[in-house]
Amino acid sequence: MTGPASGPTSGSTSGSERSSGAATGTPTGTGEPGSTRAETAALQDALAAEHAAVWGYGTVGAALAAGERAPVGVAAEAHRDLRDRLAALLTDRGADPVPTEAAYALPFPVLSAVDAARLAAQLEDGTTAAWVWVLDQAAQRAVRELAVGAAAGAEVRAVAWRQRAGVTPVTAATPGLD
Amino acid sequence: MGAMSTRPAPPRAAGTFGRRTLLLVAGATPLLGVLAACTGGAPDADSVTPAQVDRLAGQLGVQEELVAAGALAFAASPELAAAAATLAEQWQQQLDRLRRAAPSVTASAASSSTGPAGSTPAEDTSAQGGDPRADLRARVAATAESHAAACLDFTGARAALLGSIAAGLRGHDAVLA
């Protein structure tokens, strides 16, 4: 499974890391799978992925001609909506939503429309994986409902970007699990 | 500066239940790799009720119908078969993973379950009778809907698998559009 997370990183400690325990070497979802604690940790990971997607689509749009940016706006709006819903959900349960990073390291130089499409596909793959992980960890049916819809939306967008990038296969049997 | 994405890697083997987590940290990247493994032990998110076993049997049947519908559609349309061969492979992969997630479900139990439309692929073909691509797309969409709905009734690895398959089928639907 390749994706944005394979890109270069810094040594800073992000909000996501505080949430997930990655910086300290403890696994995400330190509670039992299906517990509220595990669910909250997975939602924090999903929020971090949505932050990255929102930021990344700015780069995608900048690399595309004006006439090719319509799907960028649609995708970015979808991710902003999910980001806001997640932040509200986490706040409602008394958690401190992970903040966005000041900047993110690109996984590869984005120098062309094809690069932009590859990046967009990877952004979507990253959010799909995060939402499938939410499904694995979720305690509440309503959270699973949110997650299954979000994963499907991300995969549909990923398919379109893979087609534009010339990536094959354009579809996946089990996105987020592969 | 952070990594481009936080991307927890979900369980590799949704058919195995109980789990052990393995954290993989690449630098400061919150990249989490989780390996599912059999650990046994206390009741957890991956335990299933008898009703859920029946539900899994139903989803196996739904997926089997999709595989059969694909074979029928491809036989009716060589062009579609050439264009969408990868989809057939992925439907079979999905079916295989569902079977591994439901090891106690027998083939007969799965086959006796009704699909999302309560009809067989052959009945669908005779009833709709026109465009194999459109018929197949409808079957894909119905299967995705069925798995997505079933996903809500499970927890743990089975919920993740059903949701992932549903998402994959939504992507297939888009390709067939």
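General remarks:
- Cα centroids of the stretch A:66-86 and the stretch B:43-82: 32 Å apart.
- Scalar couplings 3J(HN,Hα) for the stretch B:65-78, obtained by applying the Karplus form with A = 6.51, B = -1.76, C = 1.60 to θ = phi - 60°, are 5, 5, 4, 5, 5, x, 4, 5, 5, 5, 5, 6, 9, x Hz; x denotes Gly and Pro.
- Cut-off 11 Å (backbone N to label point 7 Å along Cα→Cβ of residue A:68), residues of the stretch A:101-123: A:111-118
- Computed E for residue A:111/residue B:53 - FRET, C-beta separation, R0 51 angstrom, nearest 0.05: 0.45
Each reported figure results from applying straightforward, stated rules to the coordinates on display, with no laboratory input. What you are looking at is a predicted structure, and each value in this text was computed from that prediction instead of being measured. Note: ideal-geometry Cβ built from the backbone for every residue, glycine included; neighbour counts use all protein chains shown.
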